[in-house]
Amino acid sequence: ADLNFLIGPKLYEANWMDLTQAGYLANVQCVEVWCPMTREFFREYLRADKSRLRELLYVMNPNKFRTCEFLTNFHEERGDKIILFADNVYALQSYARLLKKPYIYGGTSEHERQKVLGLFRTNPAVNCICISKVGDTSIDLPEANVIIQVSSHFASRRQEAQRLGRILRPKATTEEGFNAFFYTLVSTDTREMFYSTKRQQYLVDQGYTFKVVNDLVEQAEEARAQSCLPTLQKELEVLREVLCADYEKEEAAESAALQKDQDYIGEENRTARVRRSAGSLASRSGADGTRYMEYSTGKKQDQSSRHTLFKKRYKSVK
C-alpha cells in the first residue's frame, strides 16, 4: 500500500511469452521431474521430528541424485552450460563432491568465486557448477542454458522467477524449439511436492507450462552401474552421513553472505528510528517568530573575566 501511494500504480507489464516470441528472451522448457523416495530414506523421513532433517532427507534422496547425475551427463554431452542450484548447503557440498563439480556458497572466498565463474565462462571443459542461493541475484552467467534445481527455499515464487531468469538471455542459435531448459527435481510423497506447486504459480501466470516427467528415474536406473551411488551400501553410507550431519557452520556462513547482499535485508539494514513533531513549514522559515540561533554547548564562560562595561550591560538586559 505504501509503495503504491509513493510511486503510483503499475502502468504496463510486458508478458514474458510475448518477449520470447519476439526473440528478446530464450525459449525455455520447464520440467518438473518426480523422484520417488527410496525405502530407507523414506522410513527416516517419516521418523524425523525436525523439519531441517526432513528437508535434508528428501533433498539427498538417492533417486533424485541419480536423476540429477543423468541430466548433468546428458547435457554435458550436448555441450550445454549447466547451473545446479541447491539451497541446502550440506546437500550442495555433497552433490558437488559426488559429481566432482566446483561449487559456490556463502563461505566461498571472493577470489575462488571469481576463479570458478571465469572457468565456467571461458573453459569448455567446465560445463557445470553448483551454486547455493547466493547465485539467485548476484551472479551474471549469460552462457548458461540449463538449470537443475534440487533444493529450494520452500514456496518462494520470487526465487523461482529469479532462477529462471539466469537462463532467459537470448541464445545464439538458429535451431527452432527450446534452447534452454529448467528442471526442478522433486521427491514424491514429501512436503517438497506442496512447495513446488506454490513456487510455480508466478511462472504459470506468465504463460509458462511445467511438463511433469516421472520416467527419468527409470532411465537413470539403467545407467546405475556408472553412477556415483551404484549400490545399496553406498546409499546407506550417504544416509548415515545425513543423519549425523552438522550443517550449522555452513548455514551460518551462508546467512552472513546473504545479509551483505542488498537483495536480502538483514538485521543491520533496519532503518534508524526517527522522531516526529507537529509543526508547519512557515515556522521553519521564521514566519511565526521562530528563528534559528547558533549557540555553543561548550563550557560556560567565566563571568568574572568580563570587562566592567559588559557586566553592567548584561545586568541591564536581565
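The values are calculated or read from the model by the stated rules, or taken from the named source; none is laboratory data. Since the structure is predicted, the reported quantities are computational estimates derived from the model, not experimental observations. Cβ placement follows ideal geometry from the backbone for every residue including glycine, while neighbour counts extend to all protein chains displayed.
Data table
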| read-out | value |
| --- | --- |
| Residues located in the stretch 1-44, provided they are aliphatic (A, V, I, L, M) and more than 30 Å from residue 215 (Cβ to Cβ) | 1, 3, 6, 7, 11, 14, 19, 22 |
| Selection count, the stretch 136-180, where residues are in a loop (DSSP other than H, G, I, E, B), among the aliphatic types (A, V, I, L, M) and farther than 23 Å from residue 121 by Cβ | 1 |
| Residue within the stretch 50-61 that is in contact with a strand residue (DSSP E or B) (Cβ under 7 Å, 6 or more places away or on another chain) and in a helix (DSSP H, G or I) present | yes |
| Qualifying residues in the stretch 181-204 (those that are of a type in the set (S, T, N, Q) and within 18 Å of residue 17 (Cα to Cα)) - the one surrounded by the fewest Cβ atoms within 10 Å (Cβ to Cβ) | 201 |
| Identity of the residue in the stretch 84-104, in contact (Cβ under 8 Å) with a residue 12 or more places away in the chain and assigned to a loop (DSSP other than H, G, I, E, B), that ends up farthest from the chain's Cα centre (by Cα) | 101 |
| Evaluation of residue 17 against (1) closer than 27 Å to residue 179 by Cβ; (2) touching a Ser or Thr at 6+ places or on another chain (Cβ under 8 Å) (one fails), failing number | (2) |
| Residue match in the stretch 115-135 (condition: closer than 19 Å to residue 252 by Cβ, touching a Ser or Thr at 6+ places or on another chain (Cβ under 7 Å) and assigned to a strand (DSSP E or B)) | no |
| Selection status of residue 77, acidic (Asp, Glu), touching a residue at least 12 places away in the same chain (Cβ under 8 Å) and surrounded by fewer than 22 Cβ atoms within 10 Å (Cβ to Cβ) | no |
| Check on residue 67, assigned to a helix (DSSP H, G or I), hydroxyl-bearing (Ser, Thr, Tyr) and closer than 22 Å to residue 197 by Cα | yes |
| Qualifying residue in the stretch 36-44 (condition: modelled with pLDDT of 90 or more, in contact with a strand residue (DSSP E or B) (Cβ under 9 Å, 6 or more places away or on another chain) and farther than 18 Å from residue 240 by Cβ) | yes |
| Hits in the stretch 132-171 (condition: farther than 24 Å from residue 109 by Cβ, crowded, with 22+ Cβ neighbours inside 10 Å and charged (D, E, K, R)) | 160 |
| Matching residues, the stretch 73-126, being among the polar types (S, T, N, Q) and closer than 30 Å to residue 240 by Cα | 73, 88, 93, 94, 108, 109 |
| Residue match in the stretch 34-49 (condition: under 22 Å from the mean Cα position of the chain (by Cα) and either outside any strand (DSSP E or B) or among the polar types (S, T, N, Q) (or both)) | no |
| Residue, farthest from residue 66 (Cα to Cα), within the stretch 212-227, restricted to residues that are outside any helix (DSSP H, G or I) and at pLDDT 85 or above | 212 |
| Every pair of residues 6+ apart whose Cβ atoms lie under 9 Å, when the first sits in the stretch 180-192 and is closer than 13 Å to residue 39 by Cα while the second is basic (Lys, Arg) and buried (at least 23 other Cβ atoms within 10 Å of the Cβ) | 187/64 |
| Residue within the stretch 154-167 that is closer than 22 Å to residue 212 by Cβ, in contact with a Ser or Thr (Cβ under 6 Å, 6 or more places away or on another chain) and in contact (Cβ under 8 Å) with a residue 60 or more places away in the chain present | no |
| First in the stretch 17-32 and within 24 Å of residue 198 (Cα to Cα), second anywhere and polar (S, T, N, Q) and in a strand (DSSP E or B), Cβ under 7 Å, 6 or more apart | 32/184 |
